[in-house]
Every structure is written in structure tokens, then in C-alpha cells.
Amino acid sequence: MLIRVKKTSDPAAGDITPESVYVNRRQFIAAAGAALGTVVIGDVKAGDAPAPFDVSPGYRVQVRPGYQKLGPTDTVTIPFSVFAYNNFAEFGPEKGDPAANSGNFNPRPWKIAVDGLCAKPGTLDLDDFLKPHTFEDRIYRLRCTETWSIVVPWVGISLAAALKRFEPLGSAKFVRFETVLRPAEMPGQKTSALVWPYVEGLRLDEAMHPLSMLAVGMYGQVLTNQNGAPIRLVVPWKYGFKSAKSIVRISFTEVQPTTSWNLRIPNEYGFWANVNPNVDHARWSQANERRLGEFMRRPTLMYNGYADEVASMYAGMDLVKNF
Ligand code: MTE
């Protein structure tokens with residue numbers, strides 16, 4: 001890890017790279033990697049010069065390309081849309097509320113507790129939690145259950161690698177993720193919109209799947225508050241509400257955890273929440289979606305386009321009952 005002090009001339013989280021520049025940079029890196037005859041990961045070559053990424057002021061970590069596969073019609077969503085149009089009920093119910101109301105939220109210092117059915121539980125400073133891991137650039141589609149979607153270049157770590165350090169026991173069957181509870185900084189937590197704190201959960205094999213990640217950045221910059229700073233879950237084949245933001249506790253459990261949206265409206269928000277164009281939400285069709293920044297709606301893909309990677313985890317499962 002290279003350590004350096006962040007300079008005031010460095011770009012702030014809001015000074016983001018335009019999409020075209022970002023995509024061209026990736027193409028340049030892919031070409032450079034190919035010239036060096038390096039390893040293929042997704043459709044981008046690894047082994048190229050790592051891109052710099054400030055995970056917190058004062059730290060610079062090396063980032064290597066991870067999952068980069070996009071469909072023929074996918075383009076990375078312009079950062080402005082991803083920063084301005086959010087769901088983060090802790091900051092209010094409207095799409096502009098998280099950006100408008102998260103200015104007083106302090107994502108540093110930050111601790112994460114990992115507990116429950118594991119041999120090595122602990123509460124770690126975020127930097128210590130992240131330190132042993134290699135950061136990766138991964139580009140994923142994110143499909144909200146409300147039928148909007150985005151394509152985001154995340155920076156983060158493998159969730160499986162993070163969890164393995166705490167040595168889950170054989171009795172652990174699920175993983176529970178808890179968002180921070182700070183009503184003084186999160187005005188939405190003073191309302192009864194949800195039972196706070198926000199909780200989500202995955203079956204252990206889902207959490208251990210190579211696509212599951214903990215993101216600490218996006219578009220090559222530290223996560224913005226409205227997008228879940230300083231660390232959030234990203235599970236790209238599931239509806240966006242599974243990807244809990246601003247996580248402070250991760251627990252291994254034997255029983256399926258009670259989760260926030262499922263508790264609030266059980267017939268609309270299932271525990272599984274796998275993206276499925278054939279199973280409608282109680283109030284609307286899930287057959288298609290609106291990609292932010294695009295005019296025409298597009299068909300929604302089974303498992304959000306990740307069926308090849310994840311469908312086998314649900315073989316034999318009734319996907320209508322287990323929505
Ligand atoms: N995490 C918390 N803690 N609170 C929330 O309200 N909303 C979820 C998810 N994570 C939410 C959350 C929903 S519904 C979606 S679609 C995604 O965050 C949106 O992520 P984005 O705003 O970064 O695009």
C-alpha cells in the first residue's frame with residue numbers, strides 16, 4: 001500500500017471523471033495490459049499499472065481491475081445521475097434528499113463490528129478492516145425494485161475475502177448487515193419510515209459469491225455520503241434494496257435475518273429479491289426498466305444479467321414464492 005497525504009489540489013469526491021474519459025481510460029488500460037501479455041479478468045487485462053485511489057484522506061491504495069463485463073447495450077451511467085438520484089431513507093424519502101441532507105454525516109472515523117457465529121469476532125477500525133485486501137474496480141449494473149437502473153464503476157473489496165478473515169462457523173447460514181444508527185446526522189431516522197437501523201441479509205453462499213462486494217468508492221473516488229459512505233454492500237443480481245449502505249455491523253447467523261423492507265411491507269419486498277423480469281412487484285411489472293440518462297425503457301434481464309454466474313445457487317427454488 002502506498003501511503004501519502006492528500007493534497008488540497010487533489011480532486012474532491014464531486015470532481016468526477018466524465019463518463020467518456022473514464023471509459024476511454026479503461027480501454028487504454030485494457031490495451032496496455034494486452035500489450036504486456038497479462039492475465040484476463042472479465043474482459044479487461046490485469047497486470048497494468050494500478051490506478052490510484054484515495055480510500056480516505058491520507059491513504060492511497062492500489063486498485064486492480066475486477067469484474068468488468070458489460071452487455072452490448074450497457075454504458076456507464078453519468079456520475080451526476082448516480083450522485084443526485086438516490087434511495088437512502090435515512091436522509092429522506094425523495095430521490096434528491098440523500099444528496100441534499102447528508103452534508104452533516106461523518107463517514108470518518110468509522111468502525112465495523114463482525115460478530116455472531118464466527119471464530120474470530122471483532123470490532124475494527126475501517127482502515128484495519130480494509131488493509132489486508134486488494135481493491136478492485138468492478139463495473140456492475142444496479143437495478144432498483146422501483147424499475148430504474150444504473151451502471152456503476154465501483155471500487156471495493158471481495159465480500160467473501162472480508163468475511164473469511166473472521167472464520168464463519170459451520171452453523172452460520174446467513175449474514176446480516178446493519179447500517180449505522182445516527183438520528184442526529186440522519187434526519188430520516190427521526191421518522192418512522194422504517195424500523196431503524198436499516199438491516200439487510202444474504203444467505204451465506206450468496207455473501208461468499210465472487211460477485212458480492214463491499215464498495216468504498218465509485219468512479220475512482222471515495223463513496224459520497226448519499227451513495228453509502230464509507231462502506232456499502234453491492235450485490236448486483238439482486239434488487240438495489242439488498243445493497244445496504246453505511247454498514248457498521250456484519251453478523252453471521254443461523255436463522256434468516258429479519259430485514260427492513262421485508263418487515264415494513266412483506267408482500268412487496270421479499271428476502272431473496274433476485275432481479276426477475278417474470279415475477280412482478282405487488283404494484284408494478286418488473287419486465288422492463290429505465291436506465292438513468294436513457295429515454296427508452298429496456299427489458300430487464302434475469303438476475304440482472306448475471307444468470308450465468310448466479311442461477312445455480314437457486315436451482316430448484318420456487319422463484320415466485322421466494323421473491
Ligand atoms: N441502504 C440504507 N441504509 N438505506 C436505504 O434506504 N436504499 C436501498 C439501497 N441501500 C437504502 C440502502 C435502495 S432501495 C437502493 S435502490 C440502493 O441503496 C440505491 O443505491 P444508490 O442510491 O447508491 O444508487
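Annotations
- Between ALA113 and THR75, the contour length at 0.36 nm per residue exceeds the alpha carbon distance by 10.1 nm.
- Derived scalar couplings ³J(HN,Hα) [the stretch 238-252; Karplus, 6.51 cos²θ - 1.76 cosθ + 1.60; whole Hz; x for Gly, Pro]: 10, 4, x, 5, 5, 8, 5, 9, 6, 7, 10, 9, 10, 10, 8
- For LEU223, the residues whose modelled amide H falls within less than 5 Å of its own, excluding neighbours fewer than 5 places apart on the same chain, are GLY217, MET218.
- Amide H to amide H distances under 5 Å link ARG249 with ALA113, GLU178, where only residues 5 or more positions off or on other chains count and H is placed in the peptide plane.
- Distance between modelled label sites at GLU294 and ALA184, nm, 7 Å Cα→Cβ extension: 4.5 nm
- The slack between THR134 and ASN106, meaning 0.36 nm per residue of separation minus the straight C-alpha distance, is 7.6 nm.
- Counting neighbouring Cβ atoms within 10 Å and putting the fewest first, the residues ILE265, ILE150 line up as ILE265, ILE150.
- Backbone phi angles across the stretch 140-150, fed through the Karplus curve with coefficients 6.51, -1.76 and 1.60 (θ = phi - 60°), yield HN-Hα couplings of 10, 7, 10, 10, 7, 4, 6, 5, 9, 8, 9 Hz in residue order; Gly and Pro are listed as x.
- With 22 Å as the limit on Cα-Cα distance, the pairs of LYS131/LYS245; LYS131/LYS242; LYS69/LYS111; LYS69/LYS238; LYS190/LYS245; LYS111/LYS164 that go past it are LYS131/LYS242; LYS69/LYS111.
- For the stretch 78-90, backbone phi angles converted through the Karplus equation (6.51, -1.76, 1.60; θ = phi - 60°) give residue-by-residue couplings of 5, x, 3, 4, 6, 8, 9, 10, 9, 10, 7, 4, 4 Hz, Gly and Pro being listed as x.
- Here the stretch 59-156 is assigned +1 on the Cβ of each Lys and Arg and -1 on the Cβ of each Asp and Glu. Its dipole about the Cα centre then comes out at about 340 debye.
The numbers here are math on the coordinates, done by the rules we state, and not lab data. Everything numeric in this text was worked out from a predicted model, so none of it was measured. Backbone-built Cβ (ideal geometry, glycine too); neighbour counts: all protein chains shown.
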